[in-house]
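Each remark here refers to the structure printed beneath this line.
Just so it is clear, none of the values below were taken in a lab; they were calculated from the coordinates. Bear in mind that the values here come from a model prediction, so they are computed numbers and not experimental data.
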Amino acid sequence: MQLSSLLQRFNEPETLKMAKLGRELRAKGVDVIDLSLGEPDFDTPAHVKEAAVKAIADNWSHYTPVAGFLDLREAACAKLKRDNNLDYKPEQIITSTGAKQSLANAILAVVDDGEEVVIPTPYWVTYSELVKIARGKVVEVKTSLESGFKITPAQLEAAITPKTKLFLFSSPCNPSGAVYSKAELEALAAVFAKHPNIYIISDEIYEYINFVSEHESIAQFPELKDRIILINGLSKGFAMTGWRLGYTASNVEVAKAMEKIQGQMTSATCSITQKAAVAALTGDLKPSKEMTEEFTRRRARVLELVKDIPGFKLFQPEGAFYIFPDISYYFGKSDGTTTITNSADFSMYLLNTAHVSSVMGDAFGEPKCVRFSFANSLPNIEKAWARIKEALAKLK
Ligand code: PMP
């Protein structure tokens, strides 16, 4: 009995694979420090938890509309107005079981067989795999550490062909931490203005975790807004990864298409989560701001700690909670037993020798880099980087 050919088209997420390997080592009694996963190590804000408890007591226990409760979609509109000065109506909002599902909905709604999807590297692992599931063609555009890991208007223009259907990016970016300024987005918008048949997915899930500026959305340019599928969610900004809530803001036609897809996949996300999400989106942002303040401290500390490590070429992250150094200096080096030939070897070496998990850059379209999260406590960060330093010193 053969399984479907779909399974051959895409890979399982490297981020989850590394976390699994780490868990397996931990189960054997090894003290593994996890710098692989992308989730805040904070508790969900109290007012959000209280709203969920109330929703349970009030018996919000039935199926919900596929797009989400109306009050939730209104809350998303209010948030987009408050934070981003964007005007959307509830019929333009589709809520889902996480930004990952929103991305899947959006890609499946617009990409057809063989159509090209331009994705600047480095990008979040799931982007390319979802495009492959949709039978689209991934067109990677290499950005570099020198260009701040951002695509230039000239690179964008050069990547566009008559087959281009979609451009897909995140700002702040996972894994690089790059944050596009208003001027940079405006320059990209000018290119898109010349190509009216391209959709743009703007993944803004790390919006609140920004160390350098106010968040800027590419949806602010009126001539583009109708073609933009803006993606956001509660996982990162509200420490709610397990609650599973994402949402899109788009034109009504795309929204209806995504609703149709989701209607056959998951119906909607959990009713209790939806009620809690209203409290998150319309409530006090103080807990989110405090979280970002803590990430700011950790970022500063990590940047100090890695200064002592030879051979790292590093972009200082402007947002999100990762550093993504180029570690190619170590390629060809060995501790006498293990030789590092690529970033996967490097990650595995650190897991086995330093007992610290990270994610190889290949997974993000940047084979010379490795991603280390700083969504872990300061004491763990100190311990992890001391171990990494010691393990790397053995490589000659
Ligand atoms: N986009 C990016 C860039 C992410 O890093 C993640 C989570 N790692 C997601 C989307 C998915 O988030 P969610 O938990 O809402 O599915």
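Points worth noting:
- GNM result for the chain, Cα springs below 10 Å: residue of 331, 211, 321 fluctuating most strongly: 331
- Long-range amide H partners of residue 169 with built H, under 5 Å: 201, 203
- Taking region 185-331 and dividing mean pair separation by its residue count, relative contact order in percent (alpha carbons under 8 Å, at least six apart): 21 percent
- Residue by residue, region 37-43 carries 3J(HN,Hα) couplings of 8, x, 9, x, 8, 10, 7 Hz when phi is fed to the Karplus relation 6.51 cos²θ - 1.76 cosθ + 1.60 (θ = phi - 60°); x denotes Gly or Pro.
- Normalised by 2.2 N^0.38 Å, where N is the number of residues, the C-alpha radius of gyration of region 236-362 stands at 1.51.
- Sequence-distant residues sharing a close amide H with residue 139 (under 5 Å, placed H): 117, 118, 119
- Region 119-193 - Kirkwood radius from inverse mean 1/r over Cα pairs (Å): 12.9 Å
- Global dimensions of the chain from alpha-carbon coordinates: Rg and Dmax equal 21.0, 63 Å.
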